[in-house]
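See below for the structure under consideration.
Since every read-out is calculated from the coordinates, none of them should be taken as a lab result. In this text, all values refer to a predicted model and were calculated from it rather than measured experimentally. No Cβ is skipped: glycine too gets one built from the backbone with ideal geometry, and neighbour counts run over all protein chains shown.
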Amino acid sequence: MDYKDLANLIFPEIKDISYYEEKYPKRNLKEGAIVTRFAPSPTGFVHIGGLYQSLIARKLANQTEGVFFLRIEDTDQKREVENGVTDIVNSLKEFEIEPDEGMTSETEEKGDYGPYKQSLRKEIYQAYAKYLIEQGKAYPCFCTPEEGEEIRAKQEAAKIRPGYYGVWAKCRNNTVEEMCEKIKNGESYIIRFKSPGREDRKIKHHDVIKGNVDFPENDQDIVIIKADGLPTYHFAHAVDDHLMGTTHVIRGDEWLSSVPLHLQLFHELGFKPPKYAHIAPIMKNDNGNKRKLSKRKDPEAAVTYYEEEGIPEIAVKEYLLNIANSNFENWRRANQDKSIDEFELQLNKMSVSGALFDMVKLYDVGKLAISRMTAEEVYEKSYKWAKKHDEELVKMLDDKEYSLKVFGIERGNKKPRKDIAKWSDVKENIEYMYDEKFMNKNQEYPYQVIQDKEEIKKILNLYLEKYYDEKDDKQAWFDKIKELSGEMGYAKEVKEFKENPGKYKAHVGDVSTVLRVALTGRTNTPDMYEIMQILGKESIQKRFEKAIKEL
RNA sequence: GGCCCCGUGGUCAAGCGGUUAAGACAUCGCCCUUUCACGGCGGAGACAUGGGUUCGAUUCCCGUCGGGGUCACCA
């Protein structure tokens, strides 16, 4: 009896690894091409950190003419969630992050290195496990989960390092005969890796983001094949990323401490290890403590949150890019109308420690992004959002021609407005421009300096009767308000008023405020000339009448 | 607890032995021929701490403190 017999006893029908090595040849890519992936478990919505990783991975593959693929890590079937894969695929699509290969739906995939769903790769993992057993580098372990817990308890009590290693690794010293015997007797077992490592030896490792890191070698005989025949994460990672030709593993830095294990696995399997880039997590301030954004506690951890809130996808991506490479901001400033695809991301410029998520900053990025859009784009995107989240807004936007004018206010000039951060701000922002909304509402009129009802009535009437002319250009329009002010005893210039406050009732700005409030029901609006142009004389008239009636 | 990583203004961050220690967001003030927004100008605000090394440390070394990660038949 030897290892080979043992391997055959455990995996009788399993192919030799040479089959897979041939089936998945080395990728034919140009020098320096990065092959990387996003490898989530289908356990619910995509986390903002997952999006962050994907964004970086996608960019890197693009920059180097490499490959970015989506692999589903569903080896823990207990945690799986209905439509988990679909959710992931759709979330990426929402942000225009399209994998070159991998799952495209719950059951479909594209690419030559599949299957891209781990539960479908069972025989592949078993082939490599068999290969390790044949070489005496892996073995069946007959310890029950309960025994495992006992061992752990003992170790904890004795205050020594927990785990299945050294003298604690009972099953590693079974003879081949003993192992075969137990298997034939029907004892249940799992497969463990027989670690050649020693805890008192150090390994040096260079992480693309974290830099040089020293670790003790791995000496744990970790399980590679579970009782259900599926691999653990570590083993699947080694096998898949080898077979799929991954050059760079970009993942969350919670994996950093398993690098010694992974390197060992690659080595014992005879694989060339990939480069690792461990990304610092996105954190949240929780009562003065930093912690990772949590799927359970923080709604903003889910990428779906941003869609619901109406934060533009591009804003989320730009914000993330900003966290990734802080020079992005300067680049953006200097390249206003370039696509973010043109920005060259550098892994080694990424921060080593986790950044606190800053919603306020995100909003600012959103404002900037939206201010750069054309009225048409703003219209399309807010309409799309409204259809899912706000019926009232849909009704307003149904009138496209008019809405385009509204969105066009102060847009497109060198100093575009920056007042919409997210699509959910739109309604509040443009509501008063729609007669059917404005006229049927019990409007508040927050008049300020000029409060006297008769005075307000007089200003409104006089303006309409004597001064307002639709055909006026902006300067003429402006001058007329001054004239109106003068006629009624208000200062035509604010400065003048400030110099001689006693000489006037108030100033032109206060008169304008009356017009503005009567017209829109608010004291803060964009350029009133443009508003009047869009509203048109008839509407202005109706609005003034309403204002007078509701004085 | 062991192991690993990190520590520049409120936040994100440049800087890598000699700098008046950038910039962005937030905040405050002023200006921008009438609001708001935009924009401009300006203000306040930081190298966790103690030891070294050095002519000189935010930058290098060690300790302390603080933060984070990880120690599963989960990923």
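Inter-label distance, residue A:452 to residue A:108: 7.4 nm, where each label sits 7 Å from its Cα along the C-beta direction.
Mean sequence separation of contacting Cα pairs (under 8 Å, at least six apart), scaled by the length of chain A, corresponds to a relative contact order of 11 percent. Using a cutoff of 8 angstrom between alpha carbon atoms and counting only pairs six or more residues apart, the relative contact order for the stretch A:71-159 works out to 24 percent.
Taking amide H atoms as placed 1.01 Å from N in the peptide plane, the amide H of residue A:117 lies under 5 Å from those of A:72, each 5 or more residues away in sequence or on another chain. Label separation (residue A:202 vs residue A:167): 2.7 nm, computed from points 7 Å beyond Cα along the C-beta direction. Dividing the summed helix terms, -39500 (n - 2.57) for each DSSP H run of n ≥ 4, by the number of residues in chain A produces a 222 nm estimate of -13500 deg cm²/dmol to the nearest 500. Our coupling estimate for the stretch A:34-48, obtained by passing each phi through the Karplus curve with A = 6.51, B = -1.76, C = 1.60 and θ = phi - 60°, is 9, 10, 8, 7, 10, 10, x, 8, x, 10, x, 4, 6, 7, 4 Hz, Gly and Pro reported as x.
Cross-link partners for residue A:290 among the lysines, with Cα-Cα distance under 21 Å and sequence neighbours closer than 8 places in the same chain left out: A:210, A:361. Computed from backbone phi, the HN-Hα couplings of the stretch A:110-118 come to 9, x, 9, 10, x, x, 9, 10, 4 Hz, rounded to whole numbers (Karplus: 6.51 cos²θ - 1.76 cosθ + 1.60, θ = phi - 60°; Gly and Pro given as x). The listed peptides A:288-295, A:182-189, A:433-440, ordered by packing as a protection proxy, come out as A:433-440, A:288-295, A:182-189 (highest mean of other Cβ atoms within 10 Å first). Label-to-label distance, residue A:462 versus residue A:291, with points set 7 angstrom from Cα along the beta-carbon direction: 6.4 nm. For the stretch A:6-80 versus the stretch A:356-434, the inter-centroid distance based on Cα atoms is 39 Å.
Report the FRET efficiency, 1/(1 + (r/R0)^6), for residue A:375 and residue A:181, where r is their Cβ-Cβ distance and R0 is 60 Å, rounded to 0.05.
Working: r = 79 Å, r/R0 = 1.31.
Rounded to the nearest 0.05, the efficiency is 0.15.
Taken as Cα centroids, the stretch A:268-290 and the stretch A:168-206 sit 28 Å apart, rounded to the nearest whole angstrom.
When you restrict to C-alpha pairs under 8 Å that are six or more residues apart and normalise by the size of the stretch A:373-433, the relative contact order lands at 39 percent. Each Lys or Arg adds one and each Asp or Glu takes one away; over the other residues whose Cβ falls under 11 Å from the Cβ of residue A:253, this sums to +1. Projecting the Cα atoms of A:544, A:402, A:86 onto the dipole axis of chain A, where Lys and Arg carry +1 and Asp and Glu carry -1 at the beta carbon, places A:544 farthest toward the positive end. Checking the cross-link pairs A:317/A:381; A:466/A:498; A:26/A:130; A:117/A:272 against a 18 Å limit on the alpha carbon distance flags A:466/A:498; A:26/A:130; A:117/A:272 as lying beyond it.
Taking chain A as a whole, the Cys residues whose C-beta sits 4.7 Å or farther from every other Cys C-beta are A:143, A:180. Positive end of the dipole of chain A (Cβ unit charges, origin at the Cα centre): among A:420, A:211, A:57, the Cα lying farthest that way belongs to A:211. Residues whose amide H comes within less than 5 Å of that of residue A:276, counting only those at least five positions distant or on another chain, are A:208, A:249 (H built at 1.01 Å from N in the peptide plane). In chain A, a dipole from Cβ-located charges (positive for Lys and Arg, negative for Asp and Glu) runs towards its positive end, and of A:136, A:325, A:229 it is A:325 whose Cα lies farthest in that direction.
Computed from Cα positions, the angle between helix A:233-243 and the longest principal axis of chain A comes to roughly 90 degrees.
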